[in-house]
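Colleague: Quick one: this structure, given as structure tokens, is what I'll be asking you about.
The values are calculated or read from the model by the stated rules, or taken from the named source; none is laboratory data. Since this is a predicted model, take the numbers as computed values, not measurements. All Cβ positions, even for glycine, are placed from backbone atoms using ideal geometry, and neighbour counts span all protein chains on display. All accessible areas refer to the heavy atoms of the entire protein, side chains included, with ligands and DNA or RNA removed. Shrake-Rupley method; radii C 1.70, N 1.55, O 1.52, S 1.80 Å.
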Amino acid sequence: MTSPVLSLKNIKKVYVMGESEFWALKGVSFDLYEGEMVALMGPSGSGKSTMMNIIGILDNATEGDYILRGENVSDLDEFDRAEIRNAYIGFIFQSFHLLPRLNLLENVEVPLTYAGYAPRVRRDRALDMLEKVGLADKRRNLPSQISGGQKQRVAVARALAMNPALLLADEPTGNLDTQTGNEIMGLFHKLNDEGVTVLIVTHEAEIAEQTKRSIRLRDGLLETDQVHKQVRPQLQGAQRQEAGLAS
Amino acid sequence: MSELIRKQAQLLPPVNEAEDLEEFIRFEDEPRSGRLSFAEILKIAWRSIRANMLRSILTALGVIIGVAAVVALVSVGNGVRQNVTNRFSSFGTNLLTISSGQGGGGGPPGLVRGGGAQTVTLADAEGIAALADKRISGIAPALQSNSQQIKAGSNNTTATLIGTWPDYETVQNAPLQAGSYFSSDDLDKRRRVAVIGTDVLTELFPDTTASALIGQSIKIANISYDVVGVLKEQATAGFSNPNSNIIIPINTYLQRIERSEYQGEPTVRSIAVHVTDARDVTAVETDLTTLMANLHEKTNSADYDFNVRNQAAQLESVTAVFSTLTLFLGAIAGISLLVGGIGIMNIMLVSVTERTREIGVRKALGAKPRDILSQFLLEAILLSCVGGLIGISIGVIIAYFSTKALSVPLVVSLPSIVLAFAFSAAVGIFFGFYPAQRAAKLDPVDSLRYE
Ligand SMILES: Nc1ncnc2c1ncn2[C@@H]1O[C@H](COP(=O)(O)OP(=O)(O)OP(=O)(O)O)[C@@H](O)[C@H]1O
Ligand SMILES: [Mg+2]
């Protein structure tokens, strides 16, 4: 049995605002295995984005352990965290977060730049990625000169530029119509088939149905964690493990 | 899996799987340094400067003005000092000057005005001349008038009259281009003869050459004088223009121009004594002091009513004054450079706040704290260094024109330029560091959420 790509153990997160504090996560545990495609669901304010930020090591859990590739993330310094974010994780934000002054090609190049690839390599790779999302012909456009769905596709291209093993997408289709939403989902399926582990935050049931497993949060707690059809044998094992932890 | 999704995926440009894999391998095999290259940091910094061009220029303006002021002031100050030094060295360091008054006190000859009573007389000069040995090659007592009206025919000009002895030529290093100095005979007989400077020549006799002028007459205070010699053109100094001097025998001066007395003897402004060998200057200085004390019947040095000064000491005191002045002006200009630095810091702080979200995105995509730090630090350094370079150019241009206007040599001192540039770079680093560090320390999630 393969060991999990990442493992969350009793993750808690508190937001302190002056006198009052708010527990956005109250102890969530689950594992993700290589090649999984998982939907993270739950009502607004249930802690999905908070969870994603912790998994993407943009944020730290207040309590609990997050083991990524066998390493406890809280032991890492900011330098190592930056390297993991750069090379291992692809993050797609709900609001795209493209850099407004860079054209599409340059936007996709950003993670490659921080990895220290030579300009030629960067350019070629970024162009490949833009081609993959069908926007190569708009590579010289600025983000302000393309539509929302196209922005989301650029964000996907950027997240894929470094060929990450883990793809995190926070409501990637939230701002898109069904048609473009499905296009993006199609892209995720293709990547997943190539072996990329995908975690998608969504509140749309149709999106969740397309995944292999969905995890549901409510008020900072894990409510359900169910595997859809086409379950791989090792996932069943993982599933049993999580059920035990969650209940 | 839904058929629809599969179809959607196929709508995307077809990708050859084998080629795709090959490309993927190729990309993975490419060398990566794992760090942001300097060229890349420079590019990012430059883009953000360019994106706010006007703001960047206004920010750099503080440094530009500061550096320009430092370079211009120091260059002009050095030029003036150089000019004074040149003038002094043209007299030679072999010169001793005796003047009225007590104690030391410096200042170039042009500035020495007996503050108190004039006590040095022509008789002192004669006394020195009578006892002068081989070590002394020339003695020139001098009187100097305020600017006088000079006429020749219908032409008019003003000039400074100097009454002296013929030794003036060697003592003050004022050679002729035509004619000769007046003789001791002219001096004794109080002849009305004059040696004129080149400016007087061109003003009064615009169409005449120097040699043709000898024997012509000019009118000083309505009395005519014969021109016997024309001085060579001399470098103008900050204080006076030796080319507009007219030199006449001192006895004529005392009779025709002005005369004041001390104990029955006509006073002189100063007596210049030229020493043949520079090594004898100190010894002659001591001897002259003793001689003057005897002539003035003073036994106690506290009672001396005269000064014997050598050029080297005077030069030192003058250059000291100018160095202090230059330093002082440079320091004031330096303060404006500091203010420019504060301007940079201010704008960098604004810029960090404005670009909080960009910083968040960059961090989420793998920017390390040191990448963000270098990006903002380099932006500040770029602003201040480009400002410094522009400031240096403007400063040199200002120095060029103002030294021209003051007719002093242009002394662009390399150290002052290097220093100004280094200082502006240091200002960039110093004032850019805090904002850059603030950017580097921003929390990625908070910055992404920043509206
Ligand atoms: N920086 C913060 N400070 C204080 N409270 C916060 C902060 N960020 C999130 N919260 C709170 O934590 C809870 C969970 O927020 P989170 O963004 O994770 O929800 P979500 O599940 O992503 O919701 P949505 O579906 O609306 O995006 C919310 O109640 C929110 O108000
Ligand atoms: Mg959210």
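Colleague: Does any residue in the range A:185-212 that is closer than 13 Å to A:Glu171 by Cα and more than 16 Å from ligand 2 (Cβ to nearest atom) come within less than 8 Å, Cβ to Cβ, of a residue that is open to solvent by less than 30 Å² (accessible area, probe 1.4 Å) and among the aromatic types (Phe, Trp, Tyr) six or more places away or on a different chain, and which pairs are these?
Modeller: Final answer for the pair search is A:Val198/A:Phe188.
Colleague: In addition: Within the range B:192-203, is there a residue that is buried (at least 18 other Cβ atoms within 10 Å of the Cβ), among the hydroxyl-bearing types (Ser, Thr, Tyr) and touching a helix residue (DSSP H, G or I) at 6+ places or on another chain (Cβ under 9 Å)?
Modeller: Yes.
Colleague: Looking only at residues that are farther than 16 Å from A:Pro164 by Cβ and within 8 Å of chain B (Cβ to nearest Cβ) in the range A:74-96, which one is surrounded by the most Cβ atoms within 10 Å (Cβ to Cβ)?
Modeller: A:Glu78
Quick grid of which residues meet (1) surrounded by 14 or more Cβ atoms within 10 Å (Cβ to Cβ); (2) within 29 Å of B:Asn94 (Cβ to Cβ); (3) not aromatic (Phe, Trp, Tyr):
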residue	(1), (2), (3)
B:Leu143	yes, yes, yes
B:Ile150	yes, no, yes
B:Gly153	no, no, yes
B:Thr160	yes, yes, yes
B:Thr164	yes, yes, yes
B:Thr170	yes, yes, yes
B:Leu176	yes, yes, yes
B:Gly179	yes, yes, yes
B:Asp186	yes, yes, yes
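Colleague: Give the residue that is nearest to the other protein chains (Cβ to nearest Cβ), with candidates limited to residues of the range A:155-173 that are away from ligand 2 (no atom under 16 Å from the Cβ) and assigned to a helix (DSSP H, G or I). Write out each step before concluding.
Modeller: First pass over the range A:155-173, keeping only residues away from ligand 2 (no atom under 16 Å from the Cβ): A:156-167.
Narrowing further to those that are assigned to a helix (DSSP H, G or I): A:156-160.
Working: A:Val156: 11, A:Ala157: 12, A:Arg158: 7, A:Ala159: 9, A:Leu160: 11 Å.
Only one residue tops the list, namely A:Arg158.
Colleague: Within the range A:29-46, can you find the residues that are under 21 Å from A:Leu166 (Cα atoms) and either surrounded by fewer than 22 Cβ atoms within 10 Å (Cβ to Cβ) or more than 15 Å from ligand 2 (Cβ to nearest atom) (or both)?
Modeller: Once the filter is applied, which keeps residues that are under 21 Å from A:Leu166 (Cα atoms) and either surrounded by fewer than 22 Cβ atoms within 10 Å (Cβ to Cβ) or more than 15 Å from ligand 2 (Cβ to nearest atom) (or both), the range A:29-46 yields A:Ser29, A:Phe30, A:Asp31, A:Leu32, A:Tyr33, A:Glu34, A:Gly35, A:Glu36, A:Met37, A:Val38.
Colleague: Can you name every residue in the range B:215-227 that is β-branched (Val, Ile, Thr) and surrounded by fewer than 16 Cβ atoms within 10 Å (Cβ to Cβ)?
Modeller: Of everything in the range B:215-227, just one residue is β-branched (Val, Ile, Thr) and surrounded by fewer than 16 Cβ atoms within 10 Å (Cβ to Cβ), namely B:Ile223.
Conditions tested, residue by residue: (1) more than 31 Å from the chain's Cα centre (by Cα); (2) open to solvent by 60 Å² or more (accessible area, probe 1.4 Å).
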{"residue": "B:Gly229", "(1), (2)": "yes, no"}
{"residue": "B:Thr267", "(1), (2)": "yes, no"}
{"residue": "B:Val281", "(1), (2)": "no, no"}
{"residue": "B:Leu295", "(1), (2)": "yes, yes"}
{"residue": "B:Asn300", "(1), (2)": "yes, yes"}
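Colleague: Kindly list the number of the only condition in (1) touching a Leu at 6+ places or on another chain (Cβ under 8 Å); (2) open to solvent by 70 Å² or more (accessible area, probe 1.4 Å); (3) closer than 13 Å to B:Gly66 by Cβ that fails for B:Leu419.
Modeller: Failing condition for B:Leu419: (1).
Colleague: Condition first: open to solvent by 20 Å² or more (accessible area, probe 1.4 Å), away from ligand 2 (no atom under 13 Å from the Cβ) and closer than 18 Å to B:Val361 by Cα. Now tell me which residues in the range A:47-64 satisfy that.
Modeller: A:Asn60
Colleague: A:Asp59 - would you say it is acidic (Asp, Glu) and more than 16 Å from ligand 1 (Cβ to nearest atom)? Working first, answer last.
Modeller: On the way: acidic (Asp, Glu): yes; more than 16 Å from ligand 1 (Cβ to nearest atom): no.
Criteria not met by A:Asp59.
Colleague: Just to be sure I understand, how many residues within the range A:195-215 are away from ligand 1 (no atom under 14 Å from the Cβ) and part of a strand (DSSP E or B)?
Modeller: The number of residues fulfilling the criteria is 4.
Colleague: Check B:Leu373, B:Leu365, B:Leu442, B:Leu448 and return the single one that is within 16 Å of ligand 2 (Cβ to nearest atom) and within 14 Å of chain A (Cβ to nearest Cβ). Steps first, answer last, please.
Modeller: Numbers: B:Leu373 fails: within 16 Å of ligand 2 (Cβ to nearest atom); B:Leu365 fails: within 16 Å of ligand 2 (Cβ to nearest atom); B:Leu442 fails: within 16 Å of ligand 2 (Cβ to nearest atom).
The unique qualifying residue is B:Leu448.
Colleague: Could you pull out the residue among A:Asn175, A:Asn163 that is open to solvent by 40 Å² or more (accessible area, probe 1.4 Å) and within 16 Å of ligand 1 (Cβ to nearest atom)?
Modeller: Only one candidate passes the filter, namely A:Asn175.
Colleague: Any residue in the range A:113-134 that's under 17 Å from B:Ala367 (Cα atoms) and at the interface with another protein chain (Cβ under 8 Å from one of its Cβ atoms): show its pairings with residues that are among the hydroxyl-bearing types (Ser, Thr, Tyr) and not in a helix (DSSP H, G or I) at Cβ separation under 7 Å, as long as the two are six or more apart or on different chains.
Modeller: A:Gly116/B:Ser33; A:Gly116/B:Ser37
Colleague: Tell me which residues, restricted to the range A:137-154, are assigned to a helix (DSSP H, G or I) and touching a Pro at 6+ places or on another chain (Cβ under 8 Å).
Modeller: A:Pro143, A:Ser144, A:Lys151, A:Gln152, A:Val154
Colleague: Let me spell it out: the conditions are (1) surrounded by 19 or more Cβ atoms within 10 Å (Cβ to Cβ); (2) modelled with pLDDT of 95 or more; (3) more than 10 Å from chain B (Cβ to nearest Cβ), and A:Gln152 meets all of them except one. Which number is the exception?
Modeller: Just one mismatch for A:Gln152, condition (2).
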